[in-house]
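The values are calculated or read from the model by the stated rules, or taken from the named source; none is laboratory data. Model, not experiment: these values are computed from the prediction. Neighbour counts are summed over all protein chains in view; Cβ atoms, including those assigned to glycine, are modelled from backbone coordinates with ideal geometry. The area values use the complete protein model at the heavy-atom level, side chains included, leaving out ligands, DNA and RNA. Shrake-Rupley method; radii C 1.70, N 1.55, O 1.52, S 1.80 Å.
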Amino acid sequence: MSEARELICRPPRGRALQYLGALGVAGTVAAVVRVLSGTLDLWVCGGLLSAVVGAVSLHTAALRLVADEYGVHTRTLLRRRSVPWRDIADLQVCLRYASSSYGPQFRIGLVPREGRARLLPLPRGWAPDHSDFDERVGVLRALHRRHGAPDSDHVPVVSARAAGRGRAGSLGLCALLLAGAGVAAWFVPAAEAGEQAWKAAAPCRVTAPQERRDDCLTHEPAVVSRTVAARTKRQSWLYLADGRPLERVAVSREAAQRFVPGDRVELTFWHGEVREVVGERHVWREHVPAAGELAVIAAVLALGAGYPGARVLLGVRGRRLPRDEVLPSALPFAVALAGTGLWLLPLCRLHPTTLLTSPAAVTWAAAGSAGTLALFAWAWRRTRVLPPGEVAADGGTADGGTDVFLAARFLEYTDYNPYGFGTHVVLGDGPPSVVPHPGPGRFAARRIPAERFALTGLRRVRGGDGDTVSGSWHVAEFDDGGRPVRLAAEPGDLARIVGALGTAGASTGGAHAADTSEAQAAGASGARLPESPAPRAAHGPTG
């Protein structure tokens with residue numbers, strides 16, 4: 001397949017998509033005819049629905065991709081585009097998790113030498129089986145090597161955590177939350193003034209002029225004729241007898257259940273609205289938004305904007321990284337924001353408008369700000385990008401003494417890591433082994449054949465390494481008797497494991513040579529040796 005001269009991709013089930021498109025056209029025509037005839041019924045709704053389905057089907061059926069010696073040619077329902085191989089710097093695989101309910105969807109992206117990367121309409125692959133997609137990626141890669149000049153020797157896999165993924169969504173969410181925080185903060189002074197005016201309001205005097213009665217309290221007697229207590233989020237009502245002084249009053253569901261027909265109540269009016277309903281059994285007061293509540297809402301929205309803002313910051317911080325390398329997680333910044341909320345939210349509730357005038361509030365804010373700065377400094381340090389190979393082991397010895405369990409994962413299925421069962425590597429009193437637990441004890445341990453291992457490289461986590469690997473981990477690449485094997489762990493733990501494997505491999509080299517001689521003898525006599533499972537990639541297509 002790698003020697004193919006061209007690649008042609010069409011959407012699957014194209015004939016069915018064409019039939020759905022034709023059905024959509026017919027439904028659209030029928031809906032238009034019935035609307036023009038002045039009839040609006042379910043047939044019109046069905047026609048509009050079929051029009052939407054038909055438009056999507058026609059758009060999907062029209063997708064085409066052709067790659068030949070001249071470049072990559074794509075076609076959609078509305079446009080055609082061709083890109084020569086000399087203008088393509090590289091190909092990449094993009095993981096889109098929101099596109100499929102069965103797992104990530106794989107798309108191919110073109111990285112031009114100038115401009116931004118864009119996705120190709122075809123081919124597409126879905127987890128867990130994407131062998132056909134991998135095959136087509138291989139064909140495109142072979143054509144690119146033959147007729148162009150790729151910038152890298154592998155196909156980068158760009159996941160949602162990778163440096164090459166766009167941050168427009170996080171930036172937009174951050175701006176939206178900050179705008180909401182600004183709007184809530186804008187209304188804080190007005191809410192404070194309204195709250196103080198309500199607390200200071202007094203009953204109206206008999207001689208008070210009509211134009212000033214809005215600023216004082218007016219009391220009117222009334223009789224409840226019936227109540228409506230809504231069971232859902234709809235408004236509950238108190239209906240008044242003879243419609244005096246008004247027909248009905250909007251109240252809470254609890255108030256509508258407490259008042260009964262015939263109750264004599266007293267209504268309190270302020271600024272033309274009913275603020276209280278006082279009866280013998282129950283008293284209802286309308287909730288007046290307090291300045292502290294609005295200040296808390298503004299603070300919550302501002303803190304919520306901090307997390308997508310931190311993701312954008314990490315993307316800017318890692319702009320020099322390869323586009324398929326995974327960025328560190330923004331969770332340390334989430335911890336810093338949560339710690340900030342512990343002191344900021346009570347401060348906003350108690351001092352919404354007196355932050356700069358109250359000595360207690362100023363002291364509170366200063367102490368909290370110092371703690372916030374310390375938390376963000378810690379988060380900044382936790383999310384720094386550590387170059388592979390420059391991290392020392394985290395103390396201790398790799399062999400002898402008490403067993404030490406280190407969180408680590410082999411990303412391939414092997415005889416010592418069947419079906420990816422291992423979550424930790426144990427070092428110490430015994431050979432390095434893979435275990436499915438953090439200890440204690442070597443229950444279900446599988447010995448790592450360190451004598452077969454040869455370290456080929458150290459690197460940071462890439463998008464193709466899967467989502468089970470933390471973005472702060474590093475990956476060691478080994479040659480396991482001719483098979484590539486990847487081991488992921490924290491940088492310090494990985495350095496310790498690599499050192500232990502090297503020591504164990506050197507100490508068992510003589511025994512391994514003897515085992516190899518016995519195996520060769522067994523092979524010469526016709527004996528069949530047990531086969532170990534073939535390595536398998538953890539996630540995504542391989543380059």
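Every condition in (1) within 20 Å of residue 194 (Cα to Cα); (2) open to solvent by less than 70 Å² (accessible area, probe 1.4 Å); (3) not aliphatic (A, V, I, L, M) is met by residue 309 except one, and the failing one is (1).
Of all residues in the range 176-191, those that are within 18 Å of residue 304 (Cα to Cα) and in contact (Cβ under 8 Å) with a residue 24 or more places away in the chain have Cβ atoms under 8 Å from Cβ atoms of residues that are in a helix (DSSP H, G or I) and of a type outside the set (A, V, I, L, M, F, W, C), 6 or more apart or on another chain, in 177/304; 177/308. Screening the candidates 15, 34 for the property of being over 25 Å from residue 118 (Cβ atoms), in a helix (DSSP H, G or I), more than 37 Å from the chain's Cα centre (by Cα) and among the basic types (Lys, Arg) yields one hit, 34. Within the range 415-441, restricting attention to residues that are among the small types (Gly, Ala, Ser) and part of a loop (DSSP other than H, G, I, E, B), the residue that is least open to solvent (accessible area, probe 1.4 Å) is 422. Residue pairs whose Cβ atoms lie under 7 Å apart, separated by 6 or more positions or on different chains, with the first residue in the range 120-140 and without any contact (Cβ under 8 Å) to a residue 24 or more places away in the chain and within 22 Å of residue 81 (Cα to Cα) and the second of a type in the set (Lys, Arg) and buried (at least 18 other Cβ atoms within 10 Å of the Cβ), are 124/107. Here 260, 228, 265 are screened, and the one residue that is farther than 27 Å from residue 352 by Cβ, out of contact with any strand residue (DSSP E or B) (no Cβ under 6 Å at 6 or more places or on another chain), touching a residue at least 12 places away in the same chain (Cβ under 8 Å) and of a type in the set (A, V, I, L, M, F, W, C) is 260.
Taking the criterion of being surrounded by 13 or more Cβ atoms within 10 Å (Cβ to Cβ) and assigned to a strand (DSSP E or B), the residues of the range 258-279 that qualify are 265, 266, 267, 268, 269, 270, 274, 275, 276, 277, 278. Residues considered: 488, 444, 495, 476. Of these, the only one that is open to solvent by less than 40 Å² (accessible area, probe 1.4 Å) and outside any strand (DSSP E or B) is 495. Considering the range 112-161, and only residues there that are in contact with a helix residue (DSSP H, G or I) (Cβ under 7 Å, 6 or more places away or on another chain) and either among the polar types (S, T, N, Q) or assigned to a helix (DSSP H, G or I) (or both), the residue that is surrounded by the fewest Cβ atoms within 10 Å (Cβ to Cβ) turns out to be 147. Taken over the range 447-473, residues that are open to solvent by 60 Å² or more (accessible area, probe 1.4 Å) and basic (Lys, Arg) amount to 3.
In this entry, residue 120 passes the filter for residues that are modelled with pLDDT of 85 or more and either under 30 Å from residue 465 (Cα atoms) or touching a His at 6+ places or on another chain (Cβ under 6 Å) (or both).
Working only within the range 324-374, note down all residues that are in a loop (DSSP other than H, G, I, E, B) and in contact with a Lys or Arg (Cβ under 7 Å, 6 or more places away or on another chain). Hits for the range 324-374 are 324, 327, 330.
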